[in-house]
Amino acid sequence: MRCAYCNNKVCYEGTDCFEIRDDTLEVYKKEDSVRVMADVATSIESEGYMKWCRVCEVIEFIKRMGYKRIGIAFCIGMAKEAEALCTILEKEGFEVVSVCCKVGGIMKEELGFKKIRPERKEAICNSIAQAMLLNRACTDLNLIVGLCVGHDILFSQYSSAPTTTVVVKDRVLAHNPVGALYSGYYRRNVFGV
């Protein structure tokens, strides 16, 4: 599979290059929860196309799915953004539960993890605890706000509720990782392509 290099993208018009159509169609038809979520996602894509920002799409998705309790797993470095998102969601009428990445207070030394600054105390980013706490809170949907690469993966792996990302952390590119793909300068000088 090398879809990224395909110049035709004939799948957009219904061609099944990998003979996967029937297998996936069966899942959509048999599993009501999958079909409902896919239908809601498709309606948001259609109605909000080039009109709604990511936060607006998330709010609309929550409403259409009938979710009530929303979990937010956030990086301590994005506490202000997490607070703003909590405020917006609560104003929309949702119950919001939020949990910081440093929850649990496990120090990096306890696990032999590398510190950013060796001379100071540093707790690990505990995305597993974030997921466990939101699982206990029985959230309907969890939102990731700026968790580090790897921590976001662990959070998603341990979360019982469906999860989506609202903010992707990129400290270098103002939390806009796609900037590295758009910038010819960055692509040439950092990646050599």
Subject >> Quarter of the Cα convex hull surface for the chain, i.e. its orientation-mean projected area (nm²) >> reply: 14.7 nm²
**OP:** Give a quick list of trypsin sites (Lys or Arg not before Pro) in segment 24-58 that DSSP marks as loop, anything other than H, G, I, E or B, with at most 16 other Cβ atoms within 10 Å.
**Re:** LYS51
Original post:
Relative contact order for the chain: what is it in percent, counting Cα pairs under 8 Å that are at least 6 residues apart?
Top reply: 16 percent
Subject >> Neighbour-count ranking [beta-carbon atoms within 10 angstrom, fewest first] of ARG171, ARG64 >> reply: ARG171, ARG64
Subject >> By average C-beta atoms within 10 angstrom, highest first, the peptides 179-192, 69-82 >> reply: 69-82, 179-192
Original post:
In terms of the Cα gyration tensor, with a ≥ b ≥ c the square roots of its eigenvalues, is segment 77-127 rounded because a/c is under 1.5, prolate because a/b exceeds b/c, or oblate?
Top reply: prolate
Original post:
What are the extents of the Cα atoms of segment 105-166 along their three principal axes, listed from largest to smallest and rounded to whole Å?
Top reply: 40, 21, 15
Subject >> Lys, Arg +1 and Asp, Glu -1 on Cβ, resulting dipole of segment 70-149 about Cα centre, debye, nearest 20 >> reply: 440 debye
Original post:
With a ≥ b ≥ c the root eigenvalues of the C-alpha gyration tensor of segment 1-70, is it rounded (a/c under 1.5), prolate (a/b larger than b/c) or oblate?
Top reply: oblate
Subject >> Cα-based shape type of segment 44-139, given that a ≥ b ≥ c are square roots of the gyration tensor eigenvalues and the cut on a/c is 1.5 >> reply: prolate
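Values quoted throughout were computed directly from the atomic coordinates according to the rules given, and no laboratory measurement underlies them. On a predicted model such as this, the values are computed, not experimentally measured, just so you know. For neighbour counting, all protein chains shown are included, and Cβ atoms are generated from backbone atoms with ideal geometry for every residue, glycine included.
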